[in-house]
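Have a look at the structure below before the remarks.
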Amino acid sequence: MADLGVSLFLLAGTVFLSEVTRRTAVKLFAKSDYCPYVLEIISTFQLCACTHELKLLAEVGRIELQVGLTLTYLISVVHGLTFHGAICNPSGTLECVYRRRLTGRCAVARIVCQFLAAMVARYVVPYVWALGLSDMHARHKLFGFKCISPINAPLLKATAVELGCAFAVHSAVTQMQKVDDKYKIHLIAAVITIVVYAGGSITGAVFNPALALSTQFPCSGNTFTEYSLVYWLGPVLGMAGSVLLFDKIVPVVSGKSMYQDDLHYNGIQEEKKKN
């Protein structure tokens, strides 16, 4: 319980400091084209740092599954409430290019920011653990902050799991475009929690290339190429599969274009903002 309390404090502290930094950045860069990229860096760092702590609780702290899933749901809701438009996911950014919400140049810049923030979190978090604020952190420091590959299946199966996780999350986001934000955040957090429950024991259920680079790639047991296959190719294919299903196959079967509906919905939202 003491370890859990310290971890909760660190999670809350990470979110608080990130939010303060975000608000400061918005004030400083409000009239600048760089503001979205700064927010992308801050929010992706928050995502990765919090996930590092949750991963440590599961692997070293050995918290109960119900507690871990509850924390996953709660932190997903918090991320949804605080990201301020940041995508924090390279495969999600690519989907935005397809839907013409971002230009290719802006997408590349955002993806660079996401991977940069992921690497920063990867190297900063161990310094926090080194403080030994809890017995769990002290034990982790004693073993040199080492972790073992979370892939517990053949590579093709593991890739398929990450593909399926990404497909489920991207599909949920697509289908909930018209849902009120106060409900949508909770529904998407619930989907993420279910996905983590279903695929967590096989791959960790990351479904985010930048997050995987931060939390999974440092672990021993697999090569960089193998991790790339599972945690980069899998999520991108999952996103592409979701787009193919709901933008190509479903419209043909139903005779209705969801993509056009999405554009119409976004147009209505923009008109409301102007009014």
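The values are calculated or read from the model by the stated rules, or taken from the named source; none is laboratory data. Note that the structure is a prediction, hence the values are computed from the model and not measured. Neighbour counts run over all protein chains shown; Cβ positions are idealised from the backbone, glycine included. When the accessible area is computed, the model is the full protein with side chains, heavy atoms only, and any ligands, DNA or RNA have been set aside. Shrake-Rupley method; radii C 1.70, N 1.55, O 1.52, S 1.80 Å.
For Ala205, the conditions (1) small (Gly, Ala, Ser); (2) at pLDDT 90 or above; (3) surrounded by fewer than 17 Cβ atoms within 10 Å (Cβ to Cβ) are fulfilled apart from (3).
So how many residues does segment 174-212 have that are in a loop (DSSP other than H, G, I, E, B), polar (S, T, N, Q) and within 19 Å of Thr93 (Cβ to Cβ)? First the steps, then the outcome.
Looking only at segment 174-212, we keep the residues that are in a loop (DSSP other than H, G, I, E, B), and these are 176-180, 200-208.
If we keep only those that are polar (S, T, N, Q) as well, we get 177, 201, 203, 208.
Now drop any that are not within 19 Å of Thr93 (Cβ to Cβ), which leaves 177, 208.
Of the residues in that region, 2 qualify.
For first residues located in segment 12-36 and closer than 19 Å to Ala121 by Cα, partners that are open to solvent by 40 Å² or more (accessible area, probe 1.4 Å) and at pLDDT 95 or above and lie 6+ apart or on another chain with Cβ distances below 7 Å form the pairs Val15/Val78; Ser18/Phe45. Any residue at all in segment 122-129 that is open to solvent by 70 Å² or more (accessible area, probe 1.4 Å), closer than 19 Å to Val15 by Cβ and assigned to a helix (DSSP H, G or I)? Scanning segment 122-129, I find at least one residue that is open to solvent by 70 Å² or more (accessible area, probe 1.4 Å), closer than 19 Å to Val15 by Cβ and assigned to a helix (DSSP H, G or I), so the answer is yes. Among all residues of segment 191-198, there is at least one that is modelled with pLDDT of 95 or more and closer than 26 Å to Arg101 by Cα.
Criterion applied to Leu56, Leu69 was being open to solvent by less than 30 Å² (accessible area, probe 1.4 Å), touching a residue at least 12 places away in the same chain (Cβ under 8 Å) and part of a helix (DSSP H, G or I), and the one residue passing it is Leu56.
The set of residues from segment 151-193 being without any contact (Cβ under 8 Å) to a residue 12 or more places away in the chain and within 22 Å of Tyr231 (Cα to Cα) comprises Pro154, Leu156. Looking at segment 224-238, which of its residues are open to solvent by less than 20 Å² (accessible area, probe 1.4 Å) and either within 15 Å of Ala168 (Cβ to Cβ) or more than 20 Å from the chain's Cα centre (by Cα) (or both)? Listed by number, the residues that qualify are Gly234, Pro235, Gly238. Restricting attention to segment 227-255, the residues that are within 12 Å of Ser91 (Cα to Cα) and out of contact with any His (no Cβ under 7 Å at 6 or more places or on another chain) add up to 10.
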